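Following: one structure in structure tokens, then a few remarks.
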Amino acid sequence: MVDDDTTFQLRMDRYGPELLSGLEGAYGDRAGELFERLTEALRGAFDARPADLRVLDEARLLSPDWLQRPDQIGYVCYADRFARSLPKVSDHIDHLESLGVTYLHLMPLLEPRPGDSDGGYAVADYRAVDPRLGTMDDLVALATTLRRHHMSLVVDLVLNHVAKEHEWAARARAGEQKYRDYFLIYPDRTEPDAYERTLPEIFPDFAPGSFTFDDELNGWVWTTFNSFQWDLNWANPDVFAEFVDIICFLANNGVEVMRLDAIAFIWKVLGTDCQNEPPVHEITQALRAALRIVAPACALKAEAIVGPQDLIAYLGQGKHFGKVSDLAYHNSVMVQLWGALASRHTRLFEVALSNFPAKPASATWGTYVRCHDDIGWAIGDDDARGAYLEGHSHRAFLSEFYAGLYPGSFARGLVFQFNPINNDRRISGTLASLAGVEAALAAGDDGQLADAIARVNLLHTFVLGFGGVPLLYMGDEIGMLNDHSYLDDPDHAGDNRWVHRPKMDWGLVADAEADASSPAGRVLSGLKHSIGVRKRLPHLHASVESRVLPSPDSRVLLLTREHPEGMLIEVYNFSEDVVDLPVYALRDRLGSTAVEHISGYDYSLEPETLRVRPYQPLWLTAKG
């Protein structure tokens, strides 16, 4: 039997060099002393790890691809809006199981500041749960219950900032130099003004600028997002050590995946936009290595909503290849899905996917149609030019289309954070409202409604088929619409993202399950069917990349997945047209007969064209 000393030393031998290398990249000659401090702290966290979680560690070490398997299905929700509290989440595990969920992301649940907390992203205490949701004991109990149902608990870890009410901020205001050094504080506007010349504004409508004067500090503190969210000074090794302790604490309380919120912003360099700086990836490598030593069952997910050219680095490039985050959001896929749906044109989608570098085979994309946040049109100008589009004009078109302002638009979204300087406009709205369900119901038009539901099912099927962990956003499985009641809440009224953060409608869930012909029932049954197909297809293992197959029709996107058990070709019609698709590209790869897995039918590829219905997805393999 291997004892604890041997196990810990084996993990240090394996991951210690990655930890030290990351520290050296970020902290230079201070890395050695920090490494020694961390070794002692990691041993303490290792010794404190509960027995049941140690068993999970061993299981995951034997199955390192646990996040890549086709049976992984993610679900994202606010605990209070889903079930009112953490204990009551367990009351709805049957619904999650009916969807095949294995990965449950509960949106910010650590104790926030009172009042406006940016949806919980202004954390006042990383070691306590929001008292409105429950206690840390409740979190541990829920994590244990979820594990019994083969579900992993995912929790947000806000890296870039803390609430101004956090103990560190309070001690900084009290004059303790150690804690003043945890933040970026300036005596006058000289340095802030120099930084501001190249910093983008995140919330220009209600939080312009990136610095806030604090009377008690007698200085300007860096506040990228809101005046009540103080950016941390990650160039200070003490901040890194604090977060290693926090990560280990959360892991030992049953959290299996930590979503590294606002990770792109944590390192500041004068003259840049202070995003995606190289030390970010050194720090991520070091955090991952530390976590692997204590809790190898756990994973890190990068919340890096950045341009396509910067995104791949969060899964690892060069010396960081396969050593940083285990997952990252594929924001570009989400943006391109909505772009193709509005334009009925897939060439930009083809270009954007073709220009993506290959990810490490051990890493995984988080794919999604919608999330809790707004949609920003992260479309690179080079990609746009490659599709014979002008980037600025195309982004403006998408904003107008999804705000419902473009002639013929089916969408009912809201403009979020209009910036008149660069004409940037982001969009809020639920999946169903943006896809046309709201407009069709208002018009009482059955044909429009059929198209809208087909769009919802197309988008869900795409993220299920792209490869990675598909993330379903609460309420989208039943086609919930925009909820304007947020205007009645003073803490939410100024932020229209709350329009797509409705409370879960359990009555509608019951109706959808009872009546598969209702709009909600059609969305739910279509999604469940596609999930069942996904779980049976080994071709959707996330170690395999989805690659573009040039399409002979611009309305249709073709993807290939080359798996050892054979090729899967995915066909997606992004238009309301019936498309007679030339089949030569399919026949060359699949032969004369293919199995279409969503319908369960065999398709002959002998004719010259294949008829694809409006908004129809097809998953094809060769008939054996």
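The angle separating the long axis of helix 519-535 from the principal Cα axis of greatest extent in the chain is about 80 degrees. Dipole orientation for the chain: of the candidates L157, I427, Y615, Y615 has the Cα lying most toward the positive pole (charges on Cβ; Lys, Arg +1; Asp, Glu -1). Per-residue 3J(HN,Hα) values for the range 271-285, derived from phi via the Karplus relation 6.51 cos²θ - 1.76 cosθ + 1.60 with θ = phi - 60°, read x, 10, 7, 6, 9, 6, 5, x, x, 4, 6, 4, 5, 5, 4 Hz in sequence order (x marks Gly and Pro). Dipole check for the range 332-435: with +1 at the C-beta of Lys and Arg, -1 at the C-beta of Asp and Glu, and the Cα centre as origin, the magnitude is about 240 Debye.
With 24 Å as the limit on Cα-Cα distance, the pairs of K359/K528; K319/K535; K88/K503; K268/K301; K535/K623 that go past it are K359/K528; K319/K535. Basic side chains Lys and Arg get +1 at the Cβ, acidic Asp and Glu get -1 at the Cβ, and with that the dipole of the range 123-197 about its Cα centre reaches some 200 debye. Helix 391-402 axis versus longest C-alpha principal axis of the chain: approximately 80°, rounded to the nearest ten.
Distances between placed amide hydrogens fall under 5 Å for S152 paired with Y103, L104, all partners being 5 or more residues away or on another chain. Note on R148 and D515: the extension gain reaches 129.1 nm, defined as 0.36 nm multiplied by sequence separation minus the Cα-Cα distance. The distance between label points at R613 and A396 comes to 3.9 nm (points 7 Å beyond Cα on the Cα→Cβ vector). Taking 7 Å steps out from each Cα toward its Cβ at A141 and Q317 produces label points 4.7 nm apart. 3J(HN,Hα) couplings calculated from phi for the range 323-337 with the Karplus curve 6.51 cos²θ - 1.76 cosθ + 1.60 (θ = phi - 60°) are, in sequence order, 10, 10, 5, 7, 9, 8, 5, 8, 4, 5, 4, 4, 4, 5, 4 Hz; Gly and Pro show x. Rounded to the nearest 20, the size of the Cβ-charge dipole of the chain about its Cα centre is 1340 debye, with Lys and Arg at +1 and Asp and Glu at -1. Were the residues from D446 through E606 laid out at 0.36 nm apart, the gain over their Cα-Cα distance would be 54.1 nm.
E570 contributes about 0 Å² of solvent-accessible surface, heavy atoms of the protein only, 1.4 Å probe. Segment Q9..E167, full-extension length gain: 53.4 nm, with 0.36 nm per residue of separation and the alpha-carbon distance subtracted. Evaluating 6.51 cos²θ - 1.76 cosθ + 1.60 at θ = phi - 60° for every residue in the range 38-51, the Karplus couplings come out as 5, 4, 5, 5, 5, 5, x, 5, 4, 5, 7, 5, x, 4 Hz, glycine and proline recorded as x. Taking a sphere under 11 Å around the Cβ of D602 and counting the other residues whose Cβ falls inside, with K and R at +1 and D and E at -1, yields a net charge of 0.
Add +1 for every Lys or Arg and -1 for every Asp or Glu among the other residues with Cβ under 13 Å from the Cβ of E33, and state the total. Result for the local shell: -3. In the range 307-464, taking the dipole from charged Cβ atoms about the Cα centre, the farthest positive-side position among V324, V351, Q448 is held by V324. Of all aspartates and glutamates in the structure, the ones whose alpha carbon falls short of 12 Å from that of K323, not counting any fewer than 8 places away in one chain, are E18, E282. Estimated purely from DSSP H runs of n ≥ 4, each contributing -39500 (n - 2.57), the mean residue ellipticity at 222 nm for the chain is -11500 deg cm²/dmol once divided by its residues. Every Cα-Cα pair in the chain was counted, and those over 45 Å apart are 16% of them. In the context of the full protein assembly, F213 retains an accessible surface of approximately 90 Å², using a probe radius of 1.4 Å and ignoring ligands and nucleic acids. Per the Kirkwood formula applied to alpha carbons, the range 531-596 shows a radius of gyration over Rh ratio, Rg over Rh, of 0.96. The residues of the range 496-599 expose on average 38 square angstrom of accessible surface per residue, using a 1.4 Å probe on protein heavy atoms. Amide H to amide H, with H built 1.01 Å from N, L232 comes under 5 Å of H161, V162, counting only residues 5 or more places away or on other chains.
Scanning residues 5 or more positions from D577 or on other chains, those with amide H under 5 Å from its amide H are Y615, with H placed 1.01 Å from N in the peptide plane.
Each Lys or Arg adds one and each Asp or Glu subtracts one; over the other residues with Cβ under 10 Å from the Cβ of A289, this totals +4. Between 0 and 90 degrees, the angle of helix 237-252 with respect to the longest Cα principal axis of the chain falls at about 60 degrees. For M480, the accessible area of its heavy atoms, probed at 1.4 Å with every protein chain present, is near 20 square angstrom.
The values are calculated or read from the model by the stated rules, or taken from the named source; none is laboratory data. Keep in mind the model is a prediction, meaning the values are calculated, not measured. Cβ sites come from the backbone with ideal geometry, for glycine too, and all protein chains shown count toward neighbours. SASA here: full protein model, heavy atoms, side chains in, ligands and nucleic acids out. Shrake-Rupley method; radii C 1.70, N 1.55, O 1.52, S 1.80 Å.
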